[in-house]
Amino acid sequence: MPHSPQPPADVGRYAYDAVDRTFLKQRVEQFRDQVQRRISGALSEDEFKPLRLMNGLYLQLHAYMLRVAIPYGIVSANQMRTLAHIARRYDRDYGHFTTRQNIQFNWIRLEDTPDILNILADAEMHAIQTSGNCIRNVTSDQFAGAARDEVLDPRVHAEILRQWSTLHPEFTFLPRKFKIAISGSAQDRVAARFHDIGLLARKGENGRAVFEVYVGGGLGRTPVIGVKLRDDLPEEDLIAYLEAVLRVYNAYGRRDNIYKARIKILVQALGLGAFRDEVNAEFMAMDRSRYRLQPEVVAAIRARFATPVFEDASAGTAQLAAQTKVDPAFAAWVGTNTHPHQQDGYCSVTISCKPAGGIPGDVTSAQMDLLADLADQYSFGELRITHLQNVVLGHVRKDSLFALWQVLSANGLGTANIGMITDIIACPGLDYCALANARSIPIAQKLSQRFSNAALQQEIGALRLNISGCINACGHHHAGHIGILGVDKRGEEAFQITLGGNSGEDASIGQIIGSAMSEDETVDAIARIVDTYLVQRKPGERFIETCRRLGAAPFKDAAYATA
Amino acid sequence: MPLLENGQIVQDGWTLVEDGQPLPDGDILLPLSRLSEGLGRNGKGRLGIVLKPDERVSDLKEALPRLDLVSLNFPIFRDGRAFTQARSLREHLHFAGAVRVTGHFLPDQYEFLLRCGVSQLVIPEQSDLAVWQQAHERITVAYQPSVLNERPEGFAFRRFLTP
């Protein structure tokens, strides 16, 4: 296979070359064959299942669902248009952004899937390892390469991990799925401590990266905060060390019970010390030269990423200040939906996919096309999907914000609620998912409506609300300041409330406050919990802080108080 | 059952000896528990050991220079422990003999098995060799090194998987 001339690179994402494109096409043809062998009976459904899962194809309640990988959350405007096309042609005109920065299509036909994968491959996209017991899509900071507090752009290493984990011969039939997140900022925006492996990068000598490695975190049935395995992993050992961790897990992780098969259970069973000893023994025994990540390799991958060419936009800061003074609604949006940028005169914009009464993370084809156009116009043709189910434009001139906000507002994408109570994370729930006990979407919509008043949300301030339709916790309810867990109560859908979860550097696991209630009772109970906070808080205290200071008791009393 | 090696069906000259059976002459495959017994049977044929998925490859370390075959097992194709066992036989213990897999695995896993150092596969009767061959040739590039030390493609960790 000859090297093609260097393709024009997109800002923020790895540019494929002929070898990468050939690989994706071969993978599509492989799956086309597998579908044929399933139809002919050469493969049983049991044998076909992991093969389709490793191409992102799930069988849900009513149809197949296809989960497309968005590596470290970055898509180009043209890729977004491809996603819009797939939604329009093969689905019901919308897609759903997930907590792993991916996109799901919920109404897919099995026989269309090879063609869809082929369309994706043409746009340098795929659905490889978005499911199955393998290394999943590596997630990263939605403000990577932009955030003012960033030490190191984690996307280059995320791409290195994506390539290394792609069709890894040894780690594609692990005991259970394996999720890696990587951040290059002092502030942990990737929930590193809630991943099988969380990597926090910092700069070491000669500007090369050094990683803090967390292991064994996760939510699901057994929520666990990850523990620090290494403090000072040099860049050149990144691949070797992850190989060592995965080998220990593949050899000794439990395979007798899928609910006890994640690496967190192995780490707990062995104890951190013994687990670390096993990893170190493997690391010492392995042929590290084979896996050494040389600076030239890092540089070669980095060279495939285009970086934005910024203009002198510093005058925009004053202009923005003047605009926010005259338009309070705009000011509120700027306050909640923008994030400080490394470059003067620029900021990152989070576009809310959570309008009042809407379905968290759902975006129509028309909105996807609009987002693509806005990315081209305002942010170097680059978009990011966040693990909080929103969309980020990474590099927007401050003097363009007003115009951008007006377009967004006119198209249902201008909600000023990032980090607030209606910026709800919810799993698909019983509307789609065969595992769910309860529907997550209707209660999310009711809560979104209940708290839709902008002034009320501003008053409440920072509050994370997460909803899972079952104990598998895809809505990360344990990590929400307020969490809602759907359960089956004698054949009826019901909801438990958890309080006190958090996913940052001070990660904590929310605790259930009492017995399950109906959907409407739960919505009312949450309103009373929020009222209790507003009454009890000290000046400047966020919800989670009041929660930690007072404990669950006053909130529990409020939740179960009957009017 | 047919034995696949280097893309061909070959004659399997090995005799699997169960617990409690006397040791015959010729090439024999023994469970790990009978390793020392097998090693004591000097000069009567080659020796191979069957390693269960939960047995440690390192337990073979001393004996390995005197073994010609290690046989690994897939209780079900989703149980991927044999991948790690095979790879560590090759990478850590530099085992140059045959690494065999038995049990339930799929043609779709063939390339992974080869790249972890497996050299012999016991496949079901009536298997269509073309399906295995196609699985081997389907994908021509890999994104990580393996114990086969395939030819670097020239960029990052990419390797050529030319048959």
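All of the numbers you see were taken from the coordinates with simple rules; none came from a lab. All of these numbers come straight from a predicted model, not from anything done at the bench. For neighbour counting, all protein chains shown are included, and Cβ atoms are generated from backbone atoms with ideal geometry for every residue, glycine included.
Tabulated results
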item: Per-residue [θ]222 nm for chain A (sum of -39500 (n - 2.57) over DSSP H runs n ≥ 4, rounded to 500); result: -11500 deg cm²/dmol
item: Only Lys, Arg (+1) and Asp, Glu (-1) charged, at Cβ; the range A:312-465 dipole about Cα centre in debye; result: 520
item: Net lengthening on full extension, residue A:148/residue A:548 (0.36 nm per residue, minus Cα-Cα); result: 141.1 nm
item: Global geometry of chain A, whether rounded, prolate or oblate, following the gyration tensor of its Cα atoms and the 1.5 cut on a/c; result: rounded
item: Dipole magnitude of the range A:18-122, debye to nearest 20 (Cβ charges: Lys/Arg +1, Asp/Glu -1, about Cα centre); result: 200
item: Table column - 3J(HN,Hα) (Hz), the range A:87-100, Karplus curve with 6.51, -1.76, 1.60, x for Gly and Pro; result: 4, 6, 7, 10, 10, 9, 6, 8, x, 10, 7, 10, 6, 9
item: Long pairs among A:489/A:556; A:25/B:52; A:203/A:398; A:264/B:52; A:25/A:354, criterion Cα-Cα beyond 31 Å; result: A:25/B:52; A:25/A:354
item: Exercise: per-residue mean of other protein chain Cβ atoms within 10 Å, B:150-157; result: 5
item: Three-way shape call for the range A:440-485 based on the alpha-carbon gyration tensor, with the a/c threshold at 1.5; result: oblate
item: Nearest-0.05 FRET efficiency for residue B:36 and residue A:270, computed from C-beta distance (R0 35 Å); result: 0.75
item: Long-range HN-HN contacts of residue A:484 with modeled amide H, under 5 Å; result: A:466, A:467, A:468, A:498
item: Extended-chain gain in nm, criterion 0.36 nm per residue less alpha-carbon gap, residue A:307 and residue A:109; result: 67.5 nm
item: Options A:350, A:168, A:87, ranked by Cα towards positive dipole end of the protein assembly as shown, top entry (Cβ charges); result: A:350
item: Positive-end residue, chain A charge dipole about Cα centroid, Cβ charges, pick of A:561, A:68, A:480; result: A:561
item: Qualifying aspartates and glutamates (Cα of each under 19 Å from Cα of residue A:260; at least 8 residues distant if same chain); result: A:196, B:54, B:79
item: Theoretical FRET efficiency, 1/(1+(r/R0)^6), r = Cβ-Cβ of residue A:186 and residue B:25, R0 56 Å, to 0.05; result: 0.20
item: Net charge of Cβ neighbours under 11 Å - reference residue A:438; Lys, Arg +1; Asp, Glu -1; result: -3
item: Gyration tensor (alpha-carbon) shape descriptor, the range A:80-186, a/c threshold 1.5; result: oblate
item: At R0 = 45 Å, FRET efficiency that the Cβ-Cβ distance of residue A:538 and residue A:407 yields, to 0.05; result: 0.70
item: Neighbouring partner chain Cβ atoms per residue of B:54-65, average, 10 Å criterion; result: 1
item: Charge sum, other residues only, whose C-beta stays under 15 Å from residue A:37's C-beta, Lys/Arg counted +1 and Asp/Glu -1; result: -3
item: Contour excess over end-to-end distance, with Cα ends at residue A:434 and residue A:221 and 0.36 nm allotted per residue; result: 75.0 nm
item: Charge dipole (the protein assembly as shown, unit charges on Cβ, about Cα centre) - positive-most of A:394, B:64, A:274; result: A:274
item: Cβ-isolated cysteines (cut-off 4.7 Å), chain A; result: A:134, A:347, A:353, A:433, A:470, A:547
item: Computed label-point distance, nm, for sites residue A:527 and residue A:231 using a 7 Å Cα→Cβ extension; result: 5.1
item: Separation of the residue B:54 and residue B:151 label points, Cα + 7 Å toward Cβ, nm; result: 4.5
item: Unit charges on C-beta of K, R, D, E only; dipole of chain A, Debye; result: 940
item: Under 5 Å, built H, 5+ apart or other chain: amide partners of residue B:27; result: B:15, B:46
